[in-house]
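Here is the structure we will look at, set down as structure tokens.
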Amino acid sequence: MAVSGNVICIDFDGTVVTHEYPHMGEDNGAVPVLKELVANKNRLVLHTMRSGRLLDRAKQWFADRDIPLWAINANPEQKQWTDSPKIYANLYIDDSALGCPLKIVDNCSRPVADWVKIREQLVREGYLDE
């Protein structure tokens with residue numbers, strides 16, 4: 001059985017959507033896996049460089065897909081034990097992270113996160129059930 005209650009930081013551009021910043025990229029296959037993480041009581045933190053209206057569009061992307069975000073660019077609980085601006089999480093999913101599985105998408109300037117392989121890793125690491 002998957003361990004629940006983890007804080008998971010999720011990057012946006014290149015991770016849940018293709019790289020088209022400042023525009024909105026195309027869905028990258030993240031939706032079913034993100035929904036499964038939330039269904040297993042994990043808390044998602046949107047961890048992004050977007051700000052202002054661009055951040056609002058990213059938040060709306062999650063809302064339109066019924067994927068609740070626990071927080072944005074912060075872990076609300078860590079203020080109890082640190083003033084550090086670094087976001088504490090149990091897991092970070094980011095296309096720029098060393099070891100993040102990537103795939104090539106037609107007409108995209110950079111590789112993007114491969115959510116099929118990410119899900120396989122999440123199962124192996126105990127974040128999701130098979």
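The values are calculated or read from the model by the stated rules, or taken from the named source; none is laboratory data. Predicted model only: the values in this text are computed from it and were never measured. Here the Cβ is made from the backbone with ideal geometry for all residues, glycine too, and neighbour counts use every protein chain on show. What goes into the accessible areas is simple: the full protein's heavy atoms, side chains included, and nothing from ligands, DNA or RNA. Shrake-Rupley method; radii C 1.70, N 1.55, O 1.52, S 1.80 Å.
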Open item on the list: Would you confirm, using the coordinates I've provided, whether N28 is under 11 Å from F12 (Cα atoms) and either hydrophobic (A, V, I, L, M, F, W, C) or modelled with pLDDT under 95 (or both)?
Closed with: yes
- [ ] Keeping to region 64-112, report how many residues are touching a strand residue (DSSP E or B) at 6+ places or on another chain (Cβ under 6 Å) and among the basic types (K, R).
- [x] 0
TODO: Count, please, the residues in region 103-130 that happen to be aromatic (F, W, Y) and either modelled with pLDDT of 95 or more or under 14 Å from N28 (Cβ atoms) (or both).
DONE: 1
Open item on the list: Looking at R53, R43, R57, can you tell me which residue is of a type in the set (K, R), buried (at least 19 other Cβ atoms within 10 Å of the Cβ) and either farther than 12 Å from I10 by Cβ or modelled with pLDDT of 95 or more (or both)?
Closed with: R43
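Yes/no per residue for (1) more than 17 Å from V3 (Cα to Cα); (2) touching a residue at least 24 places away in the same chain (Cβ under 8 Å):
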residue: L37; (1), (2): no, yes
residue: W61; (1), (2): yes, yes
residue: K79; (1), (2): yes, no
residue: G99; (1), (2): yes, no
Open item on the list: Tell me whether region 90-98 contains one or more residues that are among the aromatic types (F, W, Y) and more than 14 Å from G14 (Cβ to Cβ).
Closed with: no
Open item on the list: For region 1-40, give me each residue that is within 21 Å of E130 (Cβ to Cβ) and either open to solvent by 70 Å² or more (accessible area, probe 1.4 Å) or in contact with a Cys (Cβ under 9 Å, 6 or more places away or on another chain) (or both).
Closed with: M1, V3, P32, K35, A39
